[in-house]
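What follows is one structure encoded as structure tokens, with my remarks underneath.
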Amino acid sequence: MAKSKRAIAKSAAVTKNIETALASLGIAKVAGDGAVAKRSKDGKSLAAATKRLSRKRAILTKRKRISAKRARTSPSGETRKALRGVIKELATTKKLLVKARAAKDINAVELTALKAAQRRATAYTKAIAHAEKSLGKAT
């Protein structure tokens with residue numbers, strides 16, 4: 001069987017490939033750092049929104065219980081209207097809370113993956129810098 005002949009790589013091509021790979025790693029590191037910063041900021045705002053909506057839901061639940069008790073003891077149009085308003089606001093708050101929690105969870109998963117990629121890129125960058133230093137070649 002005849003072997004297919006492959007061209008021998010030239011030093012210029014190998015050097016160019018190495019430089020391109022180093023540039024790509026640098027770009028990935030910068031993009032990862034920016035993405036981690038943005039996702040962290042979004043995570044903090046989502047956590048605050050979730051906390052705020054949870055508190056509001058707890059307050060509305062208590063208000064609903066009180067309004068229901070008032071509506072039972074003195075059933076008037078005003079008390080029933082107040083109860084309906086609280087129930088409607090509670091349903092809206094619960095819906096928003098579910099959406100905020102889902103967004104927070106999705107953001108947390110993505111942030112974890114981004115942090116892992118950021119650690120890899122940082123480690124590779126440090127290792128390459130150390131290797132080039134030991135070779136006596138500065139970039």
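What tally of residues in the range 7-26 results from selecting those that are loosely packed, with under 11 Cβ neighbours inside 10 Å and within 16 Å of Y124 (Cβ to Cβ)?
Residues that pass the stated criteria total 3.
Can you tell which of R65, R84, R101, R52 is farther than 30 Å from A129 by Cβ and in contact (Cβ under 8 Å) with a residue 40 or more places away in the chain?
The conditions single out R101.
Within the group R57, R65, which residue is farther than 30 Å from A35 by Cβ and either modelled with pLDDT under 95 or more than 34 Å from the chain's Cα centre (by Cα) (or both)?
From the options R57, R65, the qualifying one is R65.
Is there a residue in the range 67-78 that is within 30 Å of V98 (Cβ to Cβ) and either among the aromatic types (F, W, Y) or touching an Asp or Glu at 6+ places or on another chain (Cβ under 7 Å) (or both)?
The answer is no; no qualifying residue exists.
May I ask you to say which residue of A47, A91, A82, A71 is modelled with pLDDT of 95 or more and more than 27 Å from V109 (Cβ to Cβ)?
Just a single option satisfies the conditions, and that option is A91.
Within the range 83-139, take every residue that is in contact with a helix residue (DSSP H, G or I) (Cβ under 8 Å, 6 or more places away or on another chain) and of a type in the set (K, R) and give me the one that is farthest from A47 (Cα to Cα).
K115
For R57, are the conditions met, namely being surrounded by 14 or more Cβ atoms within 10 Å (Cβ to Cβ), on the phi < 0 side of the Ramachandran plot and either in contact with an Asp or Glu (Cβ under 9 Å, 6 or more places away or on another chain) or acidic (D, E) (or both)?
no
One residue is enough: does the range 116-133 have a residue meeting the conditions out of contact with any Pro (no Cβ under 9 Å at 6 or more places or on another chain), β-branched (V, I, T) and farther than 27 Å from T20 by Cα? Steps first, answer last, please.
Going residue by residue through the range 116-133, those that are out of contact with any Pro (no Cβ under 9 Å at 6 or more places or on another chain) are 116-133.
Now drop any that are not β-branched (V, I, T), which leaves 122, 125, 128.
The next check asks that each one be farther than 27 Å from T20 by Cα; those that pass are none.
No.
So is G85 more than 30 Å from K16 (Cβ to Cβ) and not hydroxyl-bearing (S, T, Y) or not?
When the stated conditions are applied, G85 passes them.
Can you tell me which residues in the range 60-86 are surrounded by 14 or more Cβ atoms within 10 Å (Cβ to Cβ) and hydrophobic (A, V, I, L, M, F, W, C)?
Of everything in the range 60-86, those that are surrounded by 14 or more Cβ atoms within 10 Å (Cβ to Cβ) and hydrophobic (A, V, I, L, M, F, W, C) turn out to be L60, A68, A71, A82, L83, V86.
The values are calculated or read from the model by the stated rules, or taken from the named source; none is laboratory data. In this text the structure is predicted, and so the values were computed from the model without any measurement. For neighbour counting, all protein chains shown are included, and Cβ atoms are generated from backbone atoms with ideal geometry for every residue, glycine included.
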